[in-house]
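Each remark here refers to the structure printed beneath this line.
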Amino acid sequence: MRDQKRHKEYEHQWYLRKKAGLPTKTTIKLTDEEIKKHIFITKKKFREKRRIERTNKIRLKFGERCNICNDTYYLHIHKKDGTKHKTWTDMTNEEFDKFINLNSNDYVQLCYNCHKAVHWCMYYLSMCWEEIKNKAIPTILLKNKYHM
Ligand SMILES: [Zn+2]
Ligand SMILES: [Zn+2]
């Protein structure tokens, strides 16, 4: 939002400088508040741009769908061994580049519900990814299909 009053004042000063034969090109002095706001918006735009770029790279590498149910809802990259790892949105550029270029066999893309289910199986049933994929997943899918 532009401060009309200050802009008017700037125009007035510009006119006075012009009249006085002084250089007219000066910048409007911003308040601390405006500078903070400006930095905040710039950072937000930057993060949004980076998020889109990273999403595109992730989709290229891991596909557009959940590895279990083919859903597209709220996709996550899950580490197959179940250990925690940084979300790619929180990674530094260096970390993300490393992540996107490494062997993707350790990771799998899952939708929100499947990701929750996989962690549930890992935590409560001590199942590993291979077990879940081979045993549990066909059952889950069957249940969903027949609403059992
Ligand atoms: Zn899914
Ligand atoms: Zn996970």
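Of all the residues that make up segment 118-130, how many are without any contact (Cβ under 8 Å) to a residue 24 or more places away in the chain and either crowded, with 18+ Cβ neighbours inside 10 Å or within 26 Å of the chain's Cα centre (by Cα) (or both)?
3
Looking at I100, I77, I132, which one is more than 22 Å from R50 (Cα to Cα) and among the β-branched types (V, I, T)? Even if it seems obvious, please write down each step before you answer.
Working: I100 fails: more than 22 Å from R50 (Cα to Cα); I77 fails: more than 22 Å from R50 (Cα to Cα).
Result of the check over I100, I77, I132: I132.
What is the residue count in segment 55-72 for residues that are in contact (Cβ under 8 Å) with a residue 24 or more places away in the chain and either of a type in the set (A, V, I, L, M, F, W, C) or over 20 Å from C121 (Cα atoms) (or both)?
The initial filter retains those residues of segment 55-72 that are in contact (Cβ under 8 Å) with a residue 24 or more places away in the chain, namely 57-58, 61-63, 65-69, 71-72.
Within this subset, residues satisfying the condition of being either of a type in the set (A, V, I, L, M, F, W, C) or over 20 Å from C121 (Cα atoms) (or both) are 57-58, 61-63, 65-66, 68-69, 72.
Of the residues in that region, 10 qualify.
In segment 57-72, is there at least one residue being at pLDDT 90 or above, within 10 Å of the chain's Cα centre (by Cα) and more than 14 Å from ligand 2 (Cβ to nearest atom)?
no
Just one of the numbered conditions (1) in contact with a Phe, Trp or Tyr (Cβ under 7 Å, 6 or more places away or on another chain); (2) on the phi > 0 side of the Ramachandran plot is not true of G82; which one?
(1)
Looking at F96 and the list (1) within 15 Å of ligand 2 (Cβ to nearest atom); (2) crowded, with 17+ Cβ neighbours inside 10 Å; (3) assigned to a helix (DSSP H, G or I), which single condition is not satisfied?
Status for F96: all satisfied but (1).
The values are calculated or read from the model by the stated rules, or taken from the named source; none is laboratory data. Just so it is clear, the structure is predicted and the values come from calculations on it, not from any experiment. Every residue, glycine among them, receives a Cβ derived from its backbone with ideal geometry; neighbour counts consider all protein chains shown.
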